[in-house]
Amino acid sequence: MPKLTSRLGHLASEVKAFVAARATLAPLRALTASAVDLAFPPAADAEHYPSGIPSANWSKIRFLADEGCDMCARPFLGGLHFGRDALCSACAEKPFPFVRGRAACLYDDASRGIILGFKHGDRLDYAPMLVRWLERAGADLWPHADAIVPVPLHVSRLRKRRYNQAAELARPLARKLRRDYLPDMLIRTRATKPQANSPEARWENVRTAFALQPGAKVAGRRIVLVDDVFTTGATLRACARVLLEGGAAQVTVAVLARVVSGNPEL
Ligand SMILES: [Zn+2]
């Protein structure tokens with residue numbers, strides 16, 4: 001039986017690789033990959049990694065489990081574990097408007113290729129695996145969530161990129177967890193510069209860039225905001241603030257990867 005399972009897993013990978021090589025539309029590739037997942041449920045993660053990533057990278061990815069700051073998911077120095085409710089000094093001094101934040105892994109040399117491939121490289125075939133990462137990372141958030149909202153892209157960037165990577169995570173996640181999926185609740189009212197370096201510059205860049213969709217029914221809802229990467233948290237702060245001002249009962253955050261510049265938090 002293990003031999004058969006392995007052969008089925010191999011066959012599924014072959015089908016996905018065949019489609020990935022030929023399908024010109026990213027959404028078509030993702031759709032087919034999901035269909036293959038359905039037809040050949042993965043026996044184990046190891047057999048289910050998408051093709052095209054050096055296998056050595058998988059073992060080096062640092063999954064964050066439940067270590068780190070309860071609010072911004074920044075890991076503590078040396079992987080120390082201070083308990084689920086522990087805050088880092090930055091969050092203790094200046095809390096985010098969201099109450100809790102979870103990140104699946106550290107953004108580093110091992111995970112960068114996967115995250116960037118998913119974000120900019122049309123590797124939507126990574127989505128089923130990344131959704132499982134997010135599901136695990138946010139395990140304690142889902143029981144207290146009514147709805148899942150992806151961080152929106154500005155329409156000009158969406159047109160260029162053709163898909164919103166946060167939505168490609170949030171949609172299957174909401175379906176899997178049977179939560180409301182609300183991709184239109186937030187709108188990006190202006191295009192922001194792709195990168196700004198300092199936390200202050202990032203905040204200035206995004207603080208007025210989001211609004212509630214007119215007529216959005218946010219009042220009383222407990223919302224999980226989903227994005228791919230948490231850098232300074234400026235975007236998530238701006239989105240959470242808009243949701244809370246609109247009457248959301250609670251906002252929490254789940255991201256794929258946490259960027260930690262310099263040393264981890266002491
Ligand atoms: Zn923190």
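What follows is calculated from the coordinates using simple rules that are stated; it is not laboratory data. Since the model is a prediction, treat every value here as computed from it, not as a measurement. Heads up, the Cβs are rebuilt from the backbone with ideal geometry, glycines too, and the neighbour counts pull from every protein chain shown.
How do 106-117, 223-234 rank on mean C-beta neighbours within 10 Å, highest first?
Numbers: 106-117: 18.1, 223-234: 23.8.
Packing proxy ranking, top to bottom: 223-234, 106-117.
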Inset, instruction - For Phe210, list long-range residues whose amide hydrogen, built 1.01 Å from N in the peptide plane, is under 5 Å from its own amide hydrogen. - result: Thr189
Legend entry - ³J(HN,Hα) computed for each position of the range 210-215 - Karplus, 6.51 cos²θ - 1.76 cosθ + 1.60, integer Hz, glycine/proline x: 10, 8, 7, 4, x, x
Inset, instruction - Calculate, in nm to one decimal, what Phe63 and Ser156 gain on full extension: separation in residues at 0.36 nm each, minus their alpha carbon distance. - result: 30.2 nm
Legend entry - Rg in Å to one decimal, and Dmax rounded to a whole Å, for the range 55-258 via C-alpha atoms: 15.9, 48
Legend entry - Using θ = phi - 60° and Karplus 6.51 cos²θ - 1.76 cosθ + 1.60, couplings along the range 232-242 (whole Hz; Gly, Pro as x): 9, x, 4, 4, 5, 4, 5, 5, 5, 4, 4
Inset, instruction - Report the extension gain between Arg175 and Ala201 in nm, rounded to one decimal, defined as 0.36 nm multiplied by the number of residues separating them, less their alpha carbon distance. - result: 5.8 nm
Legend entry - Amide H within-cut-off set for Ala104, under 5 Å, with H built and near neighbours excluded: Val255, Leu256, Ala257
Inset, instruction - Starting from the amide H of Ala86, placed 1.01 Å from N in the peptide plane, find each other amide H under 5 Å away whose residue is 5 or more places distant or on another chain. - result: Asp70
